[in-house]
Amino acid sequence: MLQRENGLAVALVDFDNIVPGVSDSIDIEDGMRVITRTLRFVIAKHWAEVTELRTRMYGGWLRKSGLETRNATWIAPRLSDFRSTVNGLFIDPEIAYATLWNPRPIRGTFRFSSDREPDDPDRAHQKMVDSMIISDVINLAVLDVPVIIMTDDDDVVPGVMAYRDIAAAGAIMWLRRRPAGASCNDESLRRQGVVIETYAAGGV
């Protein structure tokens, strides 16, 4: 189980949201470069005291059968290429097959149209990813571990608000492409002390 340590922060990255439309392993590598470069930039800008960033990649990694998806098989062997220390910050990327608090992999985070429930759209899509992120946000808030959520999806807003309500001293950042003020909840989040940082599609 994760323990609070001096200098530790955790980044929760919705990979499919940040890197949409992956067609090959090169897209995976390009996406990882954007993610790690952007995270290093915002850590240096806002949280210079952080020396280790555990970086969890959430996405449609497992089918309902438990088999890995194509994207999972592409990203897994490449994570070690981005595990490094630069200017005193160690980034340690990992695939979020499960939540931080329960090691059992969560199946069905990717669904084909043929797997859909009656009310689901007729397309391939990811499932339960936002819920996994929010689950980890709330548990990290209990430990007061600083958190970065990297996604453009407003579905994480309740989790961000919950973090501020729970954490005694921890800090949270919402990192996204959309400019400040683009979400109707931005002003409320800022009043609660949430850092909202933006980046260009190609990274900083």
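The values are calculated or read from the model by the stated rules, or taken from the named source; none is laboratory data. What you see is a predicted model, and the numbers here were worked out from it, not measured in a lab. Don't worry about glycine lacking a Cβ; one is built from the backbone with ideal geometry, like all the others, and counts go over all protein chains shown.
Looking only at residues of the range 89-146 that are assigned to a helix (DSSP H, G or I) and acidic (Asp, Glu), we find that the one that is modelled with the lowest pLDDT is Asp115. Checked against the criterion of being out of contact with any strand residue (DSSP E or B) (no Cβ under 9 Å at 6 or more places or on another chain) and either closer than 20 Å to Ile134 by Cβ or charged (D, E, K, R) (or both), the range 5-16 contains not a single residue that satisfies it. Does Ala72 satisfy being touching a Leu at 6+ places or on another chain (Cβ under 8 Å), closer than 27 Å to Asn139 by Cα, without any contact (Cβ under 8 Å) to a residue 60 or more places away in the chain and not acidic (Asp, Glu)? The answer is yes for Ala72. Take Leu175 and tell me if it is among the aliphatic types (A, V, I, L, M), surrounded by 16 or more Cβ atoms within 10 Å (Cβ to Cβ), part of a helix (DSSP H, G or I) and at pLDDT 95 or above. Judged against the criteria, Leu175 is not a match.
Taken together, the residues in the range 1-45 that are modelled with pLDDT of 95 or more, crowded, with 19+ Cβ neighbours inside 10 Å and not in a helix (DSSP H, G or I) amount to 6.
Of the residues that sit in the range 163-176 and are closer than 18 Å to Val13 by Cα and free of Cβ contacts under 8 Å to residues at least 40 places away in the same chain, which one is farthest from the chain's Cα centre (by Cα)? Here the answer is Tyr163.
Among the residues of the range 178-192, are any part of a loop (DSSP other than H, G, I, E, B) and touching a residue at least 40 places away in the same chain (Cβ under 8 Å)?
Checked the range 178-192: no residue is part of a loop (DSSP other than H, G, I, E, B) and touching a residue at least 40 places away in the same chain (Cβ under 8 Å).
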